[in-house]
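The values are calculated or read from the model by the stated rules, or taken from the named source; none is laboratory data. No experiment lies behind these values; they were computed from the predicted model shown. With ideal geometry, Cβ positions are generated from the backbone for all residues, glycine too; neighbour counts draw on all protein chains shown. Keep in mind that these areas ignore ligands, DNA and RNA; they rest on the heavy atoms of the full protein, side chains included. Shrake-Rupley method; radii C 1.70, N 1.55, O 1.52, S 1.80 Å.
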Amino acid sequence: MIQIPRGTKDILPTDSSKWQYIEEVLRETCRNFNYKEIRTPIFEQTELFVRGVGDTTDIVNKEMYTFTDKGDRSMTLRPEGTAPAVRSYIENKMYGDPNQPIKLFYQGPMFRYERQQKGRYRQFEQFGVEAIGVEDPLIDVEVISLLLDIYKSFGLEKLELHINSIGDFESREEYQKALREHFAPSIGEFCSDCQSRLDKNPMRILDCKTDANHPLMKTAPNIQEYLNDASKEYFEAVKETLTKMGIGFVVDPNLVRGLDYYTHTAFELMSSAEGFGAITTLAGGGRYNGLIEMLDGPSETGIGFGMSIERLLLALEAEGIELPIDDTIDFYLVTMGEVARTEASVILHRLRTNGYRADMDYKARGMKAQIKDADRKKAKYMIVLGDSELESGKIHVRNMETREEVEANLDRFEEEVNFDEA
Ligand code: HAM
């Protein structure tokens, strides 16, 4: 039997209504914040991620699904959404749009060849936003508050917002220099990845999963001490506004994020719910002031975040939150005999055309089995249709919850039923 690829999953009909509910909340929140959807291809030229995400990152070095197409071009299934959004921003000259900043959201499958574990998949559904074209602490705060709004609107409470500033290029350079000096004498004790990171991007060493417990990790220089005045001021403004909004946060100087393009504000939302599992990061994002130029665009800047719906679902589960999903149907037609079955399908057509959710039995089951089916399908009302009902044009509509029955007319019962009672 052919099986589903490792690290992927089917979203079965029993679960898909949860996904649809979540997707609707995401869209609604974006409407409130005035972010508009962008849809980009699932694959892009490999070069986009090598340059955009960075050739020292795990994503680019180990995790990309890269293939050569029939035209001999190297293509990659997108591992994240920021580089494609920025590619499209540049290509479609959105920087020339009078409507600034450009506020985008996206949702779709992303692909990373990672070791599968709870909360980590090879294909996952990522939702993200990007606000491009403005460098202002207030837009950073807007993006962070949008993120929190999403999680709070599901009733989640065990959330912890971690923020940090990676500073501007000047501060980042100073910090990288300090990190090199710190790690260089003992770099031989680190993994080969870290050895190559030392030169190219020593901040990546702080992210290393293999060497996380090396004593030098704990004594590594703190980025906060390398921020220049402009970077400090920027970060202060972000923190101050968050505080005024009542958004709590923890400053986490070790938060450097796994992608190369970050400057200034970086943040992650973690779940502090018990039993969440080893990976507690629900979402991550930050400001990227060099990315657009790195991809041959104008000197504009942006900020955004990404989150997977899979991890949101894990958080809901860990906090025991049930989503208010309405998977009821309005009417179930129980039929007795062939004539009634045909008539029921015509009535179903009428009901559905008028916007009612309705269903019937198609397996010619007995009456008892059909009533059970009506319950299983969460019908609000049930109608039994047999020869006598068809003859008289009168039926009984049964409220499935109270088990009460009222008489109604076959040709317009849907208008006679009081739905407020159901
Ligand atoms: P990231 O931290 O690589 O950032 O991923 C963001 C979120 O995507 C994670 O916090 C997690 O919810 C989800 N995620 C990532 N990998 C997996 C996986 N293998 N399985 C399940 N979920 C996963 C980015 O992708 C940046 N583009 C975020 C961003 C947007 N920064 C600025 N704008």
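Only one of the listed residues (308, 271) is polar (S, T, N, Q) and more than 6 Å from the ligand (Cβ to nearest atom). That residue is 271. Looking only at residues of segment 274-291 that are more than 21 Å from the chain's Cα centre (by Cα) and within 12 Å of the ligand (Cβ to nearest atom), we find that the one that is farthest from residue 161 (Cα to Cα) is 291.
Residues are listed down the side, and each one gets a yes or a no for (1) surrounded by fewer than 21 Cβ atoms within 10 Å (Cβ to Cβ); (2) touching a residue at least 12 places away in the same chain (Cβ under 8 Å); (3) touching a Leu at 6+ places or on another chain (Cβ under 8 Å):
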residue	(1), (2), (3)
116	yes, yes, no
119	yes, yes, yes
133	yes, yes, no
138	yes, yes, no
143	no, yes, no
147	no, yes, yes
153	yes, yes, no
160	yes, yes, yes
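Among the residues making up segment 177-192, those that are within 17 Å of residue 260 (Cα to Cα) and surrounded by fewer than 19 Cβ atoms within 10 Å (Cβ to Cβ) are 177, 180.
Selection of first residues in segment 88-114 that are of a type in the set (Ser, Thr, Tyr) and of second residues that are within 15 Å of the ligand (Cβ to nearest atom) and part of a strand (DSSP E or B), restricted to Cβ pairs under 6 Å at least 6 apart or on distinct chains, gives the following pairs, ordered by first then second residue: 89/132; 106/128. Somewhere in segment 9-16, is a residue under 19 Å from residue 123 (Cβ atoms) and open to solvent by less than 30 Å² (accessible area, probe 1.4 Å)? No: zero hits. Counting only helices (runs of 4 or more DSSP H) that sit wholly inside segment 357-422, not one has at least 2 residues that are exposed (fewer than 11 other Cβ atoms within 10 Å of the Cβ) and acidic (Asp, Glu).
Scanning segment 65-86 for residues that are among the polar types (S, T, N, Q), under 26 Å from the mean Cα position of the chain (by Cα) and surrounded by fewer than 24 Cβ atoms within 10 Å (Cβ to Cβ) returns 66, 76.
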